[in-house]
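Nothing in this text is a laboratory measurement; each read-out follows from the coordinates by a stated rule. Just so it is clear, the model here is predicted, and its values are computed rather than measured. In this analysis, Cβ positions are derived from the backbone assuming ideal geometry, glycine residues included, and neighbour counts consider all displayed protein chains.
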Amino acid sequence: MNASLMALNSASVGVMVDAWWGLVEKDGPLKYNWEGYAELVQMVQKYGLKLQVFMSFHQCGGNVGDSCRKFKWGWDLAESYDTQHIQKAMEHGGFLELENSNVMIR
């Protein structure tokens, strides 16, 4: 990884990464684990690169060329969210359209 980051620095490019919410909050509501992402941030800073983080709240996989596992939230969504909205979202690939829901974003 260090050699790759050094090469990216030499090419004057940055790094883009998806922050998969299904991994960050997998242990339950409001139980966040950013360890892997924090380690990546430190490595990127070490090489003077810029980092762009894309917050991914949808299910991983299902697109052309995807080879990742399908990260889903590990806790029961029905405990915190409207179950009818969740069911509709999961039928369409796991997207939660937060702008159309009554979910409070903290």
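Per residue, the convex hull spanned by the Cα atoms of the range 24-73 measures out at 108 cubic angstrom.
Here the Karplus curve 6.51 cos²θ - 1.76 cosθ + 1.60, taken at θ = phi - 60°, turns the phi angles of the range 60-65 into couplings of 7, x, x, 9, 4, x Hz, with x standing for Gly and Pro. Taken one residue at a time, the phi angles of the range 16-31 give Karplus couplings (6.51, -1.76, 1.60, θ = phi - 60°) of 10, 9, 7, 9, 7, 4, x, 8, 5, 10, 6, 8, x, x, 6, 10 Hz. Gly and Pro are set to x. Paramagnetic label reach from Val53 (point 7 Å along Cα→Cβ; backbone nitrogen cut-off under 15 Å): within the range 1-21, residues 15-21.
Under 5 Å from the amide H of Gln59 lie the amide H atoms of Phe95, each residue being 5 or more positions distant or on a separate chain, with H modelled from the backbone and absent for Pro and chain starts. Around the amide H of Ala19, modelled in the peptide plane, lie the amide H atoms of Phe54, Met55, Ser56, all under 5 Å away and 5 or more residues distant in sequence or on another chain.
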